[in-house]
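These notes are about the structure you will find just below.
We did not get these values from a lab; they are worked out from the coordinates using the rules stated. Note that this is a predicted model, so its numbers are computed, not measured. All Cβ positions, glycine included, derive from the backbone under ideal geometry; neighbour counts span all protein chains shown.
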């Protein structure tokens, strides 16, 4: 196994991480922006008001996208296991 193969594996791993985390991050970003806009207009500075909706959105996005996330992680892991002999030799 040479350095180029290691870089390719790391690149694929980072790509999978970004793909599977994007639904939760984008949902939290949108809700955070909406709550911040509401807090700025009403001048309510309650920290839990920003935290709780983000948690709810992250859990809901995990429920909605959970099977897709598991499938992406499963296919990436199977690809690594299938190539393990090539990595060892």
For the chain, longest principal axis from Cα atoms; helix 3-42 axis from its Cα atoms; angle between them, nearest 10 degrees, is 10
For the chain, what is one quarter of the convex hull surface built on the Cα atoms, given in nm²?
-> 7.4
When the helix-only estimate is applied to the chain (DSSP H runs of n ≥ 4, each -39,500 (n - 2.57), divided by the residue count), what is the mean residue ellipticity at 222 nm, nearest 500 deg cm²/dmol?
-> -32500 deg cm²/dmol
Computed over the chain: longest principal axis from alpha-carbon atoms vs helix 47-82 long axis, angle to nearest 10 degrees, is 10
Simple spin-label model, 7 Å along Cα-to-Cβ: residue 36 to residue 82 in nm?
-> 4.2
Using r as the Cβ-Cβ distance of residue 75 and residue 3, and R0 as 25 Å, what FRET efficiency do you calculate, to the nearest 0.05?
-> 0.50
Got the relative contact order for segment 3-88 handy, in percent, Cα pairs under 8 Å and 6 or more residues apart?
-> 38
